[in-house]
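Each reported figure results from applying straightforward, stated rules to the coordinates on display, with no laboratory input. What you are looking at is a predicted structure, and each value in this text was computed from that prediction instead of being measured. Methodologically, a virtual Cβ is constructed for each residue, glycine included, from the backbone with ideal geometry; neighbour enumeration extends over all protein chains shown.
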Amino acid sequence: MKPLIICIVGASGSGKTTASMILQQQLGWTAIVSYTTRPMRKGEINGRDHWFVKPDQVPPQSRMCAYTKFGGYEYWTEWNQFLTLFPSVYVIDEKGLVNLQSKESTPFPFSLVTIKIKRDNLKDINDKRKARDNDRINIPDELYDYVINNNGSIENLRATLYLTAQCIIQKHQ
């Protein structure tokens with residue numbers, strides 16, 4: 001299979017991680033797991049949610065394909081992480097996406113997906129995480145290949161994600 005990577009972007013609590021898990025568990029996609037210097041949250045697993053590292057373990061920028069600083073913590077991926085099975089899903093924030101797109105060339109095609117959610121549909125997300133979204137940059141919806149509107153229903157997100165994944169695969173063939 002040709003390399004295919006879906007970058008998923010969205011606000012805190014929009015469903016990015018849930019979408020990634022659906023693509024992994026139900027469609028057999030591989031996750032590209034970013035490194036971070038932030039502490040692990042309750043329920044997170046090292047290597048599944050992020051690779052959790054100490055600040056002195058941050059590599060040189062030349063090894064990174066995408067980098068961002070969000071909420072006071074660093075997040076990045078390295079080029080060697082993209083030499084994996086395809087299709088792959090990559091949860092990334094807007095600054096990281098801009099950083100990735102600023103590279104002179106990328107050896108893989110990326111489909112860009114943003115997940116939108118109305119703030120009143122957010123469940124189980126604390127004010128501190130919501131406040132961090134004030135540091136996000138805005139990328140107009142027109143610059144994404146696909147926009148998914150999440151109404152807070154896992155069934156709706158799953159159905160919309162399946163349709164989106166089918167479109168991406170067909171377009172990529």
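Work out the FRET efficiency for Gln101 and Lys171 from their Cβ-Cβ distance, taking R0 = 22 Å, and round it to the nearest 0.05. Let's see the in-between values first.
On the way: r = 19 Å, r/R0 = 0.84.
The pair Gln101/Lys171 has a calculated efficiency of 0.75.
Of all DSSP beta bridges in the chain, what percent run antiparallel (nearest 5)?
Values: 8 of 28 bridges.
Just about 30 percent of them are antiparallel.
Output wanted: per-residue J couplings in Hz (rounded whole) for segment 39-55, from phi through Karplus 6.51 cos²θ - 1.76 cosθ + 1.60, θ = phi - 60°, x for Gly and Pro.
Those phi angles translate into x, 5, 8, 4, x, 7, 10, 4, x, 9, 8, 7, 9, 8, 10, 7, x Hz.
D for segment 5-172, whole µm²/s, Stokes-Einstein with Kirkwood Rh over alpha-carbon pairs at 37 °C and 0.692 mPa s: what number?
Details: Rh = 16.4 Å.
Estimated diffusion coefficient is 200 µm²/s.
Just rank Arg136, Arg41, Arg48, fewest to most, by other beta-carbon atoms within 10 angstrom. If you can, show how the numbers build up before the last one.
Numbers: Arg136 16, Arg41 10, Arg48 13.
Ascending number of Cβ neighbours within 10 Å: Arg41, Arg48, Arg136.
Which shape class, rounded, prolate or oblate, goes with segment 1-41 when its Cα gyration tensor gives a ≥ b ≥ c as root eigenvalues, a/c under 1.5 marks rounded, and past that a/b bigger than b/c marks prolate?
Working: a/c = 1.90, a/b = 1.53, b/c = 1.24.
Prolate, since a/c reaches 1.5 and a/b exceeds b/c.
For Thr18, Thr164, which order do you get if you count the other beta carbons within 10 Å of each Cβ and list the fewest first? Before the final figure, lay out each step's value.
Details: Thr18 17, Thr164 20.
With the fewest neighbours first, Thr18, Thr164 line up as Thr18, Thr164.
Which cross-chain or sequence-distant (5 or more) residues have an amide H under 5 Å from the amide H of Ile5, H modelled 1.01 Å from N in plane?
Here Ser88, Ser111 satisfy the definition.
Can you list the HN-Hα couplings for segment 22-38, worked out from phi with the Karplus curve (6.51, -1.76, 1.60; θ = phi - 60°), rounded to whole Hz and with x for Gly and Pro?
4, 4, 6, 6, 9, 10, x, 6, 9, 9, 9, 9, 7, 8, 8, 9, 7
May I ask you to evaluate 6.51 cos²θ - 1.76 cosθ + 1.60, the Karplus curve with θ = phi - 60°, for each residue of segment 9-20 and list the ³J(HN,Hα) values in order in whole Hz, giving x for glycine and proline?
10, x, 5, 4, x, 6, x, 4, 5, 4, 4, 4
By DSSP, what percent of the beta bridges with both residues in segment 7-93 are antiparallel, rounded to the nearest 5?
Values: 8 of 15 bridges.
Around 55 percent of the beta bridges assigned by DSSP in segment 7-93 are antiparallel ones.
Once amide H atoms are placed 1.01 Å from N in the peptide plane, what residues at a sequence separation of 5 or more from Glu78, or on another chain, have their amide H within under 5 Å of its amide H?
Amide H to amide H, under 5 Å and 5 or more residues apart or across chains, Glu78 pairs with Cys65.
Which order results if Thr17, Thr77 are arranged by neighbouring Cβ count within 10 Å, fewest first? Don't skip to the answer; put the middle values down first.
Details: Thr17 16, Thr77 21.
In increasing order of surrounding Cβ atoms, one gets Thr17, Thr77.
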